[in-house]
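One structure below.
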Amino acid sequence: MRSKRAPYRDFRASGHRRLTGIHKRVSCAFIAAIAVVTVGLGVRQDLQLNGRLLRPAAVNQASAADRQDMCLFQAFRRELPKGATFYDSADVAHYQRLAELATLWAVPEQTPAAARWRVAVVPGQCARIGLRVWRA
């Protein structure tokens, strides 16, 4: 009578285990190489970006933008009473900027009817732009 179990095979004796081990090593080496290349490219990109951001022209431009924002912030505090509602009649870019600068001091409104004050960005004292404020 024959046994229905599969015959015992010694996989260590066959080349099956060695081939699997080689494939694992090659796969791991491939993944490690991809990781090293990715990290290297990331470091290179960061160094290039830092180099561009730290150039004197970029630093001067960022400093000028900060000074302009501070000037507009002080103009808000000088011209508008605390908690005042205002409507900005400027374009969307200036509206967003003025809304950010007015945070915790004045409340921007989206319609002129809801605001007691009007604000406009005009040529002026804050590095080529200024703030014009009037009662609605």
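The values are calculated or read from the model by the stated rules, or taken from the named source; none is laboratory data. In this text, all values refer to a predicted model and were calculated from it rather than measured experimentally. Glycine also receives a Cβ, built like all others from the backbone with ideal geometry; neighbour counts cover every protein chain displayed.
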Worksheet item: Within the stretch 15-24, can one find any residue that is at pLDDT below 85, polar (S, T, N, Q) and either touching a Ser or Thr at 6+ places or on another chain (Cβ under 7 Å) or not in a helix (DSSP H, G or I) (or both)?
Response: no
Worksheet item: Which one of the conditions (1) of a type in the set (A, V, I, L, M); (2) surrounded by 16 or more Cβ atoms within 10 Å (Cβ to Cβ); (3) at positive phi does Leu104 fail to meet, given that it meets all the rest?
Response: (2)
Practice prompt. Could you grab me the full set of residues in the stretch 77-136 that are in a helix (DSSP H, G or I) and either farther than 22 Å from Arg67 by Cα or in contact with an Asp or Glu (Cβ under 6 Å, 6 or more places away or on another chain) (or both)?
Written response: Tyr95, Leu98, Pro112, Ala113, Ala114
